[in-house]
Amino acid sequence: MFNVSLAPPGAEPPDAAQLRSHQLEAELRQDAGRFRVLTGDRPTGPLHVGHLFGTLANRVRLQDLGVDVLVLIADYQTITDRESPAGLPADVLGQVADYIAAGIDPERSTIFAHSQVEELNQLMMPFLSLVSVAEVARNPTVKDEFASVGGSAMSALMFTYPVHQAADILFCRANLVPVGSDQLPHIELTRTIARRFNGCYSPRRPYFPEPEGLLTQAPLILGVDGTKMSKSRANAIAMAASEDETARLIRRAKTDAEREITYEPERRPEVSNLVLLAALCLERPPEDVAAELGGAGAAGLKRLLTDALNERLRPLRHRRRELANDPAYLRSVLANGTNRAREIATVTLNDVRELMHNAY
Ligand code: TRP
């Protein structure tokens, strides 16, 4: 059953998704209040500068446009892939600190962990009944995980993770989910579940909106070794890293033998990645930064990047340290977020019970 290699049902070709995202951006600028965004991360440790200039900057932008943004800390998801959850509380609080330091404002946006919202998790029951094993099995993330753990040793929770993700999105009836294009199959399955629920239980007035993916335009930042920036590969510059650690990581960064610095992401991915990161810090076009460096070589580029990044992150790191020293505040942010999420989830679950004829 895991060999199904069909494209996800109804998945749009990337061009159509791109086009739709452009339309959505225009709608966001016109009427941000119409949108509710659900997005989140697994609490697997400190967020890094790839997150900061990518997904976090995008969330802050949406928040500042006036979108109702809910940020989920996907803690149940980590129990499928870590040996001991003993470090989870520290990782979760650290993630809250990273969010706030990056500009997510807990007064306007809702930060919560999905293990704390039981009404959300209860939606798994009806949702699981609406999809087949084959449909879940052909989700690319599930397939990858299945392959990497060597088959049927994968936990059933990991297997049903796309359905859990659908519950994360639908519990608050979010209509927009910022994603990378690799995440579109998740959105598609979420839409299928919404559509089937509506068809089965609420045919006259569709209850769940079919959420849309908003493709992120944020640049992809690579790690200092030129591969995907990821904590597990020890190639990530954490937002919270010290200035010395930052300098050390950049000193180690992979470059190439050409002395002239240019911005050519296809031909020189490693050097271009460092140029891009510096450009993002300096808020200048990467081509200009490269031209200015000219013959300065890898050493000159690394010096510029180290200074630019440490400068850019200084206020954020200062705030991050203050927050880390105030765990009571971080807990109160989570508690408030949980309360709001639970209020929303309770209304949804009650409606769902009503529609499914489970209200006695
Ligand atoms: N899968 C996401 C990650 O690995 C986290 C996540 C869980 C999520 N549920 C979600 C993201 C719902 C967007 C929508 O980081």
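Just so it is clear, none of the values below were taken in a lab; they were calculated from the coordinates. Please read these numbers as outputs of a predicted model, since none were measured by experiment. Don't worry about glycine lacking a Cβ; one is built from the backbone with ideal geometry, like all the others, and counts go over all protein chains shown.
Computed quantities for the displayed model
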quantity	calculated
Tilt relative to the chain, helix 88-102 - C-alpha long axis, 0 to 90 degrees, to 10	70 degrees
J(HN,Hα) series, segment 116-133, from Karplus relation 6.51 cos²θ - 1.76 cosθ + 1.60, nearest Hz, glycine and proline x	8, 10, 5, 5, 5, 5, 5, 5, 3, 4, x, 5, 4, 6, 9, 10, 8, 4
Calculated from backbone phi, Karplus (6.51, -1.76, 1.60) coupling profile of segment 66-76 in Hz, x at Gly/Pro	x, 6, 7, 9, 10, 10, 9, 9, 7, 6, 4
Calculated SAXS-style log₁₀ I(q)/I(0) at q = 0.14, 0.16, 0.19 Å⁻¹ - segment 73-210, Debye, Cα scatterers	-0.75, -0.96, -1.27
Test item: Cα-centred dipole of the chain, Lys/Arg +1 and Asp/Glu -1 on Cβ, debye	340 debye
Dipole axis of the chain (+1 Lys, Arg; -1 Asp, Glu on Cβ), positive-most option in SER230, GLY297, PRO46	PRO46
Over the chain, relative contact order from alpha-carbon pairs under 8 Å, at least 6 apart, %	21 percent
Peptides 299-308, 71-80 ordered by average Cβ neighbours within 10 Å, highest first	71-80, 299-308
Environment charge of ALA194, counting only residues whose C-beta is closer than 10 Å and scoring Lys/Arg +1, Asp/Glu -1	+3
Diffusion constant of segment 142-297 at 37 °C, which comes from Stokes-Einstein with the Kirkwood Cα-pair radius and 0.692 mPa s, µm²/s	172 µm²/s
Convex hull of segment 24-90 built on C-alpha atoms - directionally averaged projected area, nm²	5.4 nm²
Rounded to 5, the percent of DSSP beta bridges in the chain classed as antiparallel	10 percent
Angstrom value of the Kirkwood radius, inverse mean 1/r, which spans all Cα pairs in segment 238-360	17.9 Å
Long-range HN-HN contacts of MET229 with modeled amide H, under 5 Å	GLY223
Calculated diffusion of the chain, Stokes-Einstein form, Kirkwood radius summed over Cα pairs, 25 °C and 0.890 mPa s, µm²/s	112 µm²/s
Using alpha-carbon coordinates, inclination of helix 184-201 to the longest axis of the chain, degrees	20 degrees
Segment 69-152 shape via C-alpha gyration tensor axes, a/c threshold 1.5	prolate
For segment 346-360, Karplus couplings with θ = phi - 60° (6.51, -1.76, 1.60), whole Hz, Gly/Pro x	5, 4, 4, 5, 5, 4, 4, 4, 4, 5, 8, 6, 10, 9, 10
0 to 90° range, to nearest 10: angle between helix 161-170 axis and the chain longest Cα axis	80 degrees
Dipole of segment 188-330, positive end: most advanced residue of SER202, TYR263, LEU309 [Cβ charges, Cα centre]	SER202
Sequence-distant lysines (8 or more away, or on other chains) whose Cα lies within less than 28 Å of LYS143	LYS228, LYS231
